[in-house]
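Here is the structure we will look at, set down as structure tokens.
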Amino acid sequence: MRTISIAVWLLLVAGCGGPRPSAEDANDPNSTAGSPTLWDFRLPVDAPRDSELQDELNAIDRLLLADLSIDPDRRACGVLDLGRYRPTRPLRRPAASIRYAAIEPDRLVDGGSVPLIGVLLGYFEDHPDERLDPRTRSELESLVHHPSNELAADYTRRIGLERLAQIYRSSRYRLYEDGIGGLWSGQPDGTDAPSLPDPDGGRSPAMTVRQVLRYFLMLEQGALVSPRVSREMRAIFEAPDLELEDSGFVRGLRGRDVTLIRKNGDGDERHLDVARIAIPLPGGFEHVLLLAAAVEHPRGDEYLARLAAAIVDVLPHPPGPHPTLHRLVALEDLGLVDAPDAGQESSIFELAHPADRALVSWNAACPPDGGVAIDVRVGRRATASWSPFLEIGYSGSMPPARRPKSFDRAPGTRVEIDALRSERRFDRVQYRVRTNGPIRLDNLAVTVSDLSGRPHTVPAPESWSGARRAEPHRSRAVRIPVPYRSQRDESPELAPRICSPTSLSMVLAYYGVEVTTEAVARATRDPDFDLYGNWQRAIQAAFEFGVPGYLSAYASLDDLADLIEVGVPPIVSIRASTGELSGAPYEETEGHLLVVTGFDESGDVLVNDPAATDADSGRRAYRRDELAWQRSGGVTYVLRGPGTD
């Protein structure tokens, strides 16, 4: 039960300066004008704890200390639950709704690189009106995300340790309080300049959990320097071109639908993390949590990861699973291509969100002795780095000498039969076409996906499939009359392996192309891996039979509904564990393809499942919440048919 009263909060925030709610807010019947708001609160040393949240934090901490054999004297942690609000109107949050819990929040610890957030503040305190040039912005982003000793020393020297101490101890910020401690900067490792130990603990650099929470709280409030500068600082923390280090809170929140900005610091057995964690909610709302912890132990990073995962699960709005994200970035008709040697390179496709998979498909008209190979490379803008070009597939006749095996793998990047996967996410992609003779190349498509589940600093744009959350289904009842075929009608040796060509043959028949399932299987077989389920070869085979198309990926059944509405039956790749897909003609499947033909009145998915024995059992409805084609990364064949846009 929460017992914090408005009167108590009025005492706590008395004397806090800063902008007040506007006249517009004051006239709004839902406004908190006249009452203390989120803006007013500064997390003083005697801030009352929310009993319910404190009990949850204590229980999580006890479990982690016992499991990881960590001494209670070697950790500190704290959490500020700011609740649910629209991030554009945070001033409306009443201060009394903030929930605070902490364990040893004023324990002074070695700060590692975390106090560089104070150097960032110091820079803007001394340059409040500066419009950052690209070089300075890049350096400040690196200072927060991936600081070198040289860069940290340079900016610390520009501002000066005495000036930083003055800012931290000022009545405006109180990020360091005499007799208690707090945020404190020192000279970075590897520099010869004299340091300035903090007055209370003699540490340099130093931090406390409460004061780094206060810093992030003031950043949220727009109270660091000015609202404009706070927005600028927030953008530096976001730095979407820079990947968050996969440690601590980020590692713990992998697979959760959150965004976060953070500053972490590790060294020897020291593990530090502070973050703003946002859980997206319907209607443009977020549930916002500020979390900080410091642990000195070999397993400290595991403590941080498990703390973050556990604390978000006890919130009133815990995060759901992280969505898979997909974006069709290229669908090009190249026409006649003759690129036998170095190949013909595409333009560079810049991504608005990082990805870790690329799918490529094409429709190639090859002469009897001709062929085409497609290579792909991926890179990172921030580091101006690229993988080598890797061959992702070919059609027609390509002499072995023209297909070097070194093209299928590079450090951290590899081609897995028909998809390029990268251990590190990328934000740019480019393809290259190599030919054996002149080739007509149509419908060359590139789709990128983020399947990593890794939190990012900003949400993906809504143009990415999967970025729109918690939408009610909008598919109307409709069924496309796709003829049914069963893969079990083929020979016992072939039948278990041909769900892809069987599904393909059904859609070809729908478009008026009558060809046997066995013939489609021959056309789709991948001789390099002896497979009938190669996604690219399925798309190319359909084209050779007269039906153009492309390979894509989707995260939402509403995306499939868009195809159904225009008469295009998608073929989707699914996975299902035992009992997950009610009524399916199989207990489980590690990989299976079927045709989506529409939706029924309840929104469930109508399919032609080639694994059934006949049309009566193969034309079925699968529950909307059970059709887990996302487990196969949302892979979808889109066959548009002759004359289809």
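The values are calculated or read from the model by the stated rules, or taken from the named source; none is laboratory data. Fair warning: this is a prediction, and the values are worked out from it, not measured in the lab. Methodologically, a virtual Cβ is constructed for each residue, glycine included, from the backbone with ideal geometry; neighbour enumeration extends over all protein chains shown.
Before moving on, here are some points about what is shown:
- Where R299 falls short, out of the listed (1) under 20 Å from V250 (Cβ atoms); (2) modelled with pLDDT of 95 or more; (3) of a type outside the set (G, A, S); (4) in contact with a Lys or Arg (Cβ under 9 Å, 6 or more places away or on another chain): (4)
Residue-by-condition table, conditions (1) surrounded by fewer than 19 Cβ atoms within 10 Å (Cβ to Cβ); (2) among the charged types (D, E, K, R); (3) in contact with a Gly (Cβ under 9 Å, 6 or more places away or on another chain):
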| residue | (1), (2), (3) |
| --- | --- |
| A275 | no, no, yes |
| S347 | yes, no, no |
| D356 | no, yes, no |
| A364 | no, no, yes |
| P368 | yes, no, yes |
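- Only residues that are over 22 Å from F599 (Cβ atoms) and among the aliphatic types (A, V, I, L, M) were counted in region 479-503, giving 3.
- Screening the candidates P496, P461 for the property of being surrounded by fewer than 17 Cβ atoms within 10 Å (Cβ to Cβ), under 28 Å from the mean Cα position of the chain (by Cα) and not assigned by TED's automatic domain parsing to the domain that holds W386 yields one hit, P461.
- Some residue of region 92-101 being within 26 Å of the chain's Cα centre (by Cα) and hydrophobic (A, V, I, L, M, F, W, C): no
- 3 or more residues more than 25 Å from A153 (Cα to Cα), more than 27 Å from the chain's Cα centre (by Cα) and in contact (Cβ under 8 Å) with a residue 24 or more places away in the chain: qualifying strands (runs of 3 or more DSSP E) within region 183-298: none
- Any chance A66 is surrounded by 16 or more Cβ atoms within 10 Å (Cβ to Cβ), at pLDDT 90 or above and over 24 Å from G284 (Cβ atoms): no
- Taking helices (runs of 4 or more DSSP H) as the structural unit, those lying wholly within region 501-599 and holding at least 3 residues that are without any contact (Cβ under 8 Å) to a residue 40 or more places away in the chain correspond to 517-524.
- Considering residues of region 129-146 that are in contact (Cβ under 8 Å) with a residue 40 or more places away in the chain and in a loop (DSSP other than H, G, I, E, B) only, the residue nearest to A384 (Cα to Cα): H146
- The set of residues in region 483-497 that are out of contact with any strand residue (DSSP E or B) (no Cβ under 9 Å at 6 or more places or on another chain), part of a loop (DSSP other than H, G, I, E, B) and in contact (Cβ under 8 Å) with a residue 40 or more places away in the chain contains only S486.
- Count of residues meeting criterion [modelled with pLDDT of 95 or more and within 34 Å of the chain's Cα centre (by Cα)] in region 515-531: 1
- Some residue of region 171-186 being outside the structural domain of A382 (by TED's automatic domain parsing), over 30 Å from V79 (Cα atoms) and modelled with pLDDT under 95: no
- Residue among L161, L121, L196 that alone is buried (at least 17 other Cβ atoms within 10 Å of the Cβ), in the same structural domain as F216 (by TED's automatic domain parsing) and closer than 25 Å to T457 by Cβ: L121
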